[in-house]
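The values are calculated or read from the model by the stated rules, or taken from the named source; none is laboratory data. As the structure is a computational prediction, the values presented were derived from the model and not from experiment. Here the Cβ is made from the backbone with ideal geometry for all residues, glycine too, and neighbour counts use every protein chain on show.
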């Protein structure tokens, strides 16, 4: 099962890397354009001189070769874990990423946990009395959380938190600064999982085994936590794993708003500078994280419900 | 004279405007089996739920009197939403669920469930106690089973555990919910014996069922429900022998399909189905089919009898290509699937599934559902398909209901839709998987008659899978008995009772007696009582 997972992941990475490579280059303009445009150097040079300088720079960056050739050169370096040199800063991309990964991982992980814990609590509370007051209120809140865009929620949260409780707007990544973007990130991913958990719990409550447990004298809390929760929540882990992808998307916005010194903020800057090696490395990193997390979810699911793997075996 | 274990009067349950139970009186005496009978919708399941304080949310329960004997004193449970219920549930009232495998928390281990149940009913939940409960439930080696997950139990083991959990605290009242529908005949007989024993040791047993055979064998008292009211109640011997109310008569008459095996048909040519040495092994459960040999001639109706877990369902799945056998040869109309291709052969084999409602897409109308196989195989024009679907619906007795969706049809009507759908392609072989198990007794005869007539009209062969010998005797020329993945007996339907020698065949016959032998056993039971 694990060996098959690695092969799948490798295939996925290969496909993703081609897409990434082509898409990054499909956008008009390249790093040379950006450099010459930015520095204003073109005004000081004659057009022949400029053309020569541009060609020289393109050669340095390897942009004079055909796209397939560039790809093969890049890929052969990547498999040796060499992510290349940033066009912009001239430093190895790997070094720059490594500096920023911990901050992003902390934010993403915290956001994911907030989303899961929140979804769990909301799902649990709203399934207690479907159609009751609490259920309605939580449904409205969920809808609101889905409807409000992350950038708006983030900006508002930042503003009021800074004003009322002196939240540090800028600065190093620290625990004191982590919680607010984590909550903003988590709130966005929470409603879908919460709604599905609610539905899943309600249907499990009506199943014969839950009724049988009650008939043996189990209290509602015992029925919920010792009988129903595990079968209700386990299937949702797949979904939770998938929401991680949208969490990554949201974290780009969140990191920028909260000036969180993470990978996404770095990638946004690289995109505007057409810093291909950095953008490519960033996207690869995201794909790896999403694949790894979803694989991990499969394994956790199998541990929580040994039938999950068995069913796959029978189907195969 | 001992006091009642539970005494109920004026029990009503309403859902909004709808009255489900209307002034039901019930007196449960210790040591007696009390059978509650009634057609679907008569309120018998609601009654059972009310007796354990578990009527689902919007339902409102009221009762003039609802007293339960709990140890030395009576507990008054007539107040709505009585919090007293939680203290008596499990300990003084036990519930045996309808489908035992579904009624266990699949992801818990056996020992963990036993410990929990014991602690909830005031036990110490020690290791010895767990082993004692499991041994009493009929597990010879409690340690081996204790560490298993509940989903790893076989159907029979799940039943024993479910029953064991319910009766371990020795409740004064044991409620059993329609246990016959999910169980094969032998398991049902085992459960009947357990319930009888519970009564012997002083419990009041309430058995909800529409199975007259089971009721006849067990009941001391009978209450017949009709439209939420008690139609008649009294000693079993009076009610079942001389029913006064129309509802009771209908239940009893509809209970047993009349044997009407048609004259055997002389098969020609290759035959509809030929199976040689079919093997199938699952990695999780091991060998399921262990060399099945089976022939069905054209126009012949063959029954497959067997207990749950004998491999009936796996055999069916192999016959329609949903499962690839590990060995053996399968020919449909003389052709091998590997050569002819399953898509072509599926036109020749159609299935009437066990649970009609589950097999019908709830968003489509009856006519669309019946036309579906025609659509799938692109037979005729759209208009022709609709016409054919309409004609088939007329034939199965659903004229004028073509625009209804499954939600607007009764279970019996859904089964008729499923039958019409199976006929749409004019199959050479019809496979009916427990065709009437999901239906109430009064509806069964109608569906069996329909199947019987249709098989003759369409001149097709049929394979009927059932654990109910009566059903097979009503439909089949020949009955094959499947046990542990092998055909252990294969005899003409009319000869099975006389000439069947395999122990399993005998057991199946013994738990489903004919009219005559049942009357005898009643007399014996009556004398003893």
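A few remarks follow.
- Some residue of the range B:358-370 being in contact with a helix residue (DSSP H, G or I) (Cβ under 9 Å, 6 or more places away or on another chain), modelled with pLDDT under 90 and closer than 25 Å to residue B:333 by Cβ: yes
Let's see how each residue does on (1) surrounded by fewer than 19 Cβ atoms within 10 Å (Cβ to Cβ); (2) in contact with a strand residue (DSSP E or B) (Cβ under 6 Å, 6 or more places away or on another chain); (3) within 14 Å of another protein chain (Cβ to nearest Cβ); (4) assigned to a helix (DSSP H, G or I):
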| site | (1), (2), (3), (4) |
| --- | --- |
| A:191 | no, no, no, yes |
| A:218 | no, no, yes, no |
| A:228 | no, no, yes, yes |
| A:253 | no, no, no, yes |
| A:266 | no, no, no, yes |
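- Exactly one residue out of B:214, B:207 is touching a helix residue (DSSP H, G or I) at 6+ places or on another chain (Cβ under 7 Å) and modelled with pLDDT of 90 or more: that is B:207.
- Extreme residue, nearest to residue B:30 (Cα to Cα), among residues of the range B:164-177 that are buried (at least 21 other Cβ atoms within 10 Å of the Cβ) and either more than 12 Å from every other protein chain (Cβ to nearest Cβ) or within 17 Å of the chain's Cα centre (by Cα) (or both): B:172
- For the range B:95-119, the set of residues classified as more than 7 Å from every other protein chain (Cβ to nearest Cβ), surrounded by 23 or more Cβ atoms within 10 Å (Cβ to Cβ) and in contact with a helix residue (DSSP H, G or I) (Cβ under 6 Å, 6 or more places away or on another chain) consists of B:96, B:100, B:110, B:114, listed by residue number.
- Failed condition for residue B:385, given (1) over 25 Å from residue B:314 (Cα atoms); (2) under 28 Å from the mean Cα position of the chain (by Cα): (2)
- Qualifying residue in the range B:35-52 (condition: within 14 Å of chain A (Cβ to nearest Cβ), closer than 16 Å to residue B:7 by Cβ and assigned to a loop (DSSP other than H, G, I, E, B)): yes
- Enumeration of residues in the range B:140-154 that are away from chain A (no Cβ under 14 Å) and either under 18 Å from residue B:108 (Cα atoms) or in contact with a strand residue (DSSP E or B) (Cβ under 7 Å, 6 or more places away or on another chain) (or both): B:142, B:143, B:144, B:145, B:146, B:154
- When each of B:90, B:122 is tested for being facing chain A (nearest Cβ under 10 Å), surrounded by fewer than 16 Cβ atoms within 10 Å (Cβ to Cβ) and at positive phi, the lone residue that passes is B:122.
- Entry remark, the range B:379-409: residues being surrounded by fewer than 20 Cβ atoms within 10 Å (Cβ to Cβ), outside any helix (DSSP H, G or I), in contact with a helix residue (DSSP H, G or I) (Cβ under 9 Å, 6 or more places away or on another chain) and without any contact (Cβ under 8 Å) to a residue 40 or more places away in the chain number 6 in total.
- Applying the set (1) more than 14 Å from chain B (Cβ to nearest Cβ); (2) on the phi < 0 side of the Ramachandran plot; (3) surrounded by fewer than 24 Cβ atoms within 10 Å (Cβ to Cβ) to residue A:259 leaves exactly one unmet item: (2).
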